[in-house]
Amino acid sequence: MEFEMARFSSTVSDRQITKMVALGAVASVLYALLFLLEGPVLELSAQGGWYFLIPVAIAFTFSLAHGAFTGNFWDVLGVKAKK
């Protein structure tokens, strides 16, 4: 897979950077909460029944938050996949 690196110029707006930092903060808070609440999450998901959806929902939430941050991060750096 080849990548093109766009020239970094002043076309990156403050809004893009703010959005990237905010999404990074959201992802970081989610990771911190997961580590802090590891015990209760494990207890709930071990109960069986529909509680199996708790880790699935957590994984989905992490996927969205981390993916959004990563996409914005590469956009701010100007890295795009070659088409």
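General observations
- Of the residues making up segment 9-43, those that are under 19 Å from the mean Cα position of the chain (by Cα), within 17 Å of Gly78 (Cβ to Cβ) and touching a residue at least 40 places away in the same chain (Cβ under 8 Å) are Gln16, Ile17, Lys19, Met20.
- Annotation note: Cβ proximity below 9 Å between a residue of segment 58-76 that is in a helix (DSSP H, G or I) and a residue that is surrounded by 15 or more Cβ atoms within 10 Å (Cβ to Cβ) and of a type in the set (Lys, Arg) (sequence gap 6+ or interchain) occurs for Ala68/Lys19; Asn72/Lys19; Val76/Lys19.
- Scope segment 22-37; condition of a type in the set (A, V, I, L, M) and assigned to a helix (DSSP H, G or I); matching residues: Ala22, Leu23, Ala25, Val26, Ala27, Val29, Leu30, Ala32, Leu33, Leu34, Leu36
Each reported figure results from applying straightforward, stated rules to the coordinates on display, with no laboratory input. These figures come from a predicted structure and were not determined experimentally. For neighbour counting, all protein chains shown are included, and Cβ atoms are generated from backbone atoms with ideal geometry for every residue, glycine included.
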